[in-house]
């Protein structure tokens, strides 16, 4: 595995791979790699010849009161995982490599980012679209793989690629879960053992809503009320939002049908967790 931090070395190595006829895939991460990331690596490796993984904790997507400083960072373990998983190139830029001190240009999606996490984390998706655009420009991948757990983010990136004519194919990989159903996330490390155990209620609530739909309940308000009640029955769990939305437009729906996404964000012991289930 090659590890680089500067742009010239990155472009040189990718140029060599392209000269050899290899197709390039990108998995963009903020590090603290776990089994969910590794599942993205596996999907990308099956669809390309040269896998690039980036690790960059992007300050632009954190608000002033959010957990940028607390966000877990494990660079040595991350590099070991990348080597073990056959990553061809690991890109670990310094913040000044990604953003000039006087940087003043951002990329902003203005429709899909309005609701859900966008309404609770102002500026978050502007930071995401800006850094992903920069990574696409630097790596120029043929494909880029993102996780379905971050469904709103993936939809926004698809829209950005479409609207800005960026020549990359976006692949969404299924959510990977812990044994109790909790969606695997770097933030799970911030949970104490008991809260992590009880956080299984988030997926249980989503699955209960899917089951209720299959048994004939289509009223979105009722499904959402039931999810909130089930989750907030746990001490120190606060639902930030539950939503029933069209999986492509992300517009709210009043009556649930196929291709509707059930999405939830929860503060579990002060740690923000998100999850979703797609009704097929």
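No lab work stands behind these numbers, since they all come straight from the coordinates. Source: prediction; values computed, not measured. Backbone-built Cβ (ideal geometry, glycine too); neighbour counts: all protein chains shown.
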Exercise for the section: Quick one: P(r) of the range 186-275 from all Cα-Cα pairs, 10 Å bins, percents rounded to integers, in order of increasing distance. Expected result: 18, 49, 27, 7
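Rounded to a whole number, what is D in µm²/s for the range 1-136 from Stokes-Einstein with the Kirkwood radius over alpha-carbon pairs (25 °C, 0.890 mPa s)? Write down the numbers at each step before the final one.
Numbers: Rh = 16.1 Å.
In µm²/s, the coefficient rounds to 153.
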Completion exercise
Shape descriptors of the range 125-280 over alpha-carbon atoms, Rg and Dmax in angstrom, are 16.6, 49
Exercise for the section: Would you mind computing Rg(Cα) / (2.2 N^0.38 Å) for the range 29-71, counting N as its residues? Expected result: 1.45
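Can you tell me the relative contact order of the chain? Whole percent, Cα pairs under 8 Å, sequence separation 6 or more. Working shown, then result.
Details: 479 pairs, mean separation 46.5, N = 280.
In percent, rounded to a whole number, it is 17.
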Problem - Separation between Cα centres of the range 59-128 and the range 1-45, rounded to whole Å - result: 16
Fill in the blank from the handout: Rg/Rh over Cα atoms for the chain, Kirkwood Rh, comes to 0.97
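Which whole number of Å³ per residue matches the convex hull of the alpha-carbon atoms in the range 104-194? Numbers along the way, then the final one.
On the way: hull volume 11.7 nm³, N = 91.
Per-residue hull volume (Cα only) is 128 Å³.
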Completion exercise
Taking N as the number of residues in the range 177-227, the ratio of its alpha carbon radius of gyration to 2.2 N^0.38 Å works out to 1.34
Problem - residue 74 paired with residue 179, simple spin-label distance in nm, labels 7 Å along Cα-to-beta-carbon - result: 1.7
